[in-house]
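Following: one structure in C-alpha cells, then a few remarks.
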Amino acid sequence: MSFQDLKKSRGGFDTLQASLEKTSSGGETKSYNDERYWKIDLDKTGNGYAVDMPWIQYFDHGFQGPGGWYIEKSLTTLNDKDPVSEHNTELWNSGIESNKDIARKQKRRLHYVSNILVVSDPTHPENEGKVMLFRYGKKIFEMLKDKMQPQFQDETPVNPFDLWEGADFKIKVRKVDGYWNYDKSEFATPKPLSEDDERLEAIWNSQHSLKDVIAPSEFKSYDELKQKLDRVLGMTASTATAASVASDMDDVAFPSPEPSIVEPTTASADVEEDDTMSYFQKLANDV
C-alpha cells in the first residue's frame, strides 16, 4: 500500500479491529544483531524510557539441554509441523509429571513485531527519528489491544498506529525482581504525528517489511531443526563441537527483553498450562 492509498483509506479502523480479534483468538537469522530492530537500554538507575509510534507474530523455542542451547523459530508459525512441538506432545502424553515439567520449560514463546518511529531514546539518541522494527511480548500487546478495544464505555477506541489520529506510546521499563516490567508504560494524548504530509510519507516509506520476518527463508527446515533438537537433547551418538556450542550460546541473546512466556493463539503442545491440559486431554480422547 502506498502512502496515498493509506491516506485515502483513513477510517479503516474496523479492519484493524477485525485483525486484532483474529490475533487474540486463534537459513539462521540472528535478528538480535539486526540493526533494523530497536531495543530498550536501561540507564544507570536500572530504568528505561522511550516513546514509541500494524504487527506480525511468530513463535520460537528457547531452552538449554545437555548438548547446548536450542534457540530457533518454530515452524508452527507457518502452520507446519515442528519437531519441538512434536517432542513436547510425546512428553506430555507420557503421563509422567516430570516429563510434563520438561514440556512446559520447552514450550513455544509468542513474539510480536511492529514498525515504530523512535521519537525519544535518551540512551541512544542516534535512533531518534528512525523507523525501526520492535519485537515485544504479551504485556505490551495487551496495552495496544486495550487502547484499540477499551473495556469501559467512557473510553474512546484509538488506533495507535494511525499517522493522523494515533498516539505515542511511552515505554517505561523498570527492573522488578530481576525482570523487565512495563506496568508504568502509557499512551500519550492522540494527535497527528506531523502536519507535514511529505514527512509522513517519508516515515511511511521507511517501514521495514514485516512479511520478511516470517518468510519461509527465515526458518530452518524440519530436518535441520530435528537434527539440532536431537543434538541439544543428547539424543544423538555424536557430541556437539565447541564451535556449534559457541554458536548456540550466541543465540541466548535472541529472546525479547520481555521475560513472560505467553499463550499462543492456536492449540499445540506449547500452550500455557491450563490450555495445555485441555489440549492434551482432547488428544487423549481422540486416540
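Taken together, the values in this text are just the output of simple stated rules run on the coordinates, not laboratory data. Computed from a prediction, not measured in an experiment: that's the story for all the values here. Neighbour counts are summed over all protein chains in view; Cβ atoms, including those assigned to glycine, are modelled from backbone coordinates with ideal geometry.
Note that segment 144-158 has calculated 3J(HN,Hα) couplings of 4, 4, 5, 6, 7, 10, x, 8, 10, 5, 7, 9, 8, x, 10 Hz, one per residue in order, obtained from phi through the Karplus relation 6.51 cos²θ - 1.76 cosθ + 1.60 (θ = phi - 60°); glycine and proline are x. Evaluating 6.51 cos²θ - 1.76 cosθ + 1.60 at θ = phi - 60° for every residue in segment 179-185, the Karplus couplings come out as 10, 6, 10, 10, 4, 7, 5 Hz, glycine and proline recorded as x.
Of 123, 75, 89, which is farthest on the positive side of the dipole of segment 75-127, counting Cα position, with +1 on Lys and Arg Cβ, -1 on Asp and Glu Cβ, and the Cα centre as origin? Farthest towards the positive end: 89.
The label-point distance for residue 139 and residue 191, in a model that sets each label 7 Å from Cα toward Cβ, rounds to 2.7 nm.
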